């Protein structure tokens, strides 16, 4: 039983590493929708076209460490492809400030 748990943890760690690699490649391949930046995956974000779609019910995951299975990663990528565009950190921050997206998120917190 102990070996199974340890093996499962190692597999989850490998799956998470593969998910990070897949998502980083996805972001770098697309680059920023506004300025085209594509040099560093850490500087690229998934920006929700409509911030109200940033929900668990629609497949959003706040923490990539939760993408422990191929199915969870596939569902997350489906969410990203449906509801997001890739933007660099600067363009994302500018768009969020200009369109006041935090107001949309704040209004849905109590629901």
Of all residues being free of Cβ contacts under 8 Å to residues at least 12 places away in the same chain and farther than 19 Å from residue 88 by Cα in the stretch 39-58, which is surrounded by the most Cβ atoms within 10 Å (Cβ to Cβ)? Just the residue, please. 56
Being out of contact with any helix residue (DSSP H, G or I) (no Cβ under 6 Å at 6 or more places or on another chain) and at pLDDT below 90 is the filter here; which residues of the stretch 36-53 pass it? none
Residue under evaluation residue 86, criteria (1) out of contact with any helix residue (DSSP H, G or I) (no Cβ under 7 Å at 6 or more places or on another chain); (2) at pLDDT 95 or above; (3) not in a helix (DSSP H, G or I), criterion not met: (1)
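Would you mind stating whether residue 20 is surrounded by fewer than 16 Cβ atoms within 10 Å (Cβ to Cβ) and touching a helix residue (DSSP H, G or I) at 6+ places or on another chain (Cβ under 7 Å)? Let's see the steps before the verdict.
Working: surrounded by fewer than 16 Cβ atoms within 10 Å (Cβ to Cβ): yes; touching a helix residue (DSSP H, G or I) at 6+ places or on another chain (Cβ under 7 Å): yes.
So residue 20 passes the test.
Quick check: is even one residue across the stretch 59-78 loosely packed, with under 11 Cβ neighbours inside 10 Å, modelled with pLDDT of 95 or more and closer than 27 Å to residue 10 by Cα? Don't jump to the end; show me each part of the working.
Let us first name the residues in the stretch 59-78 that are loosely packed, with under 11 Cβ neighbours inside 10 Å, namely 62-63, 71.
Still in the running and modelled with pLDDT of 95 or more: none.
No: zero hits.
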Can you find a residue that is buried (at least 16 other Cβ atoms within 10 Å of the Cβ) and either modelled with pLDDT of 95 or more or closer than 24 Å to residue 8 by Cα (or both) anywhere in the stretch 90-104? yes
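The values are calculated or read from the model by the stated rules, or taken from the named source; none is laboratory data. This one's a predicted model, so the numbers in the text were calculated from it and none came from an experiment. As a convention, Cβ positions derive from the backbone with ideal geometry for all residues, glycine included, and neighbour counts pool all protein chains shown.
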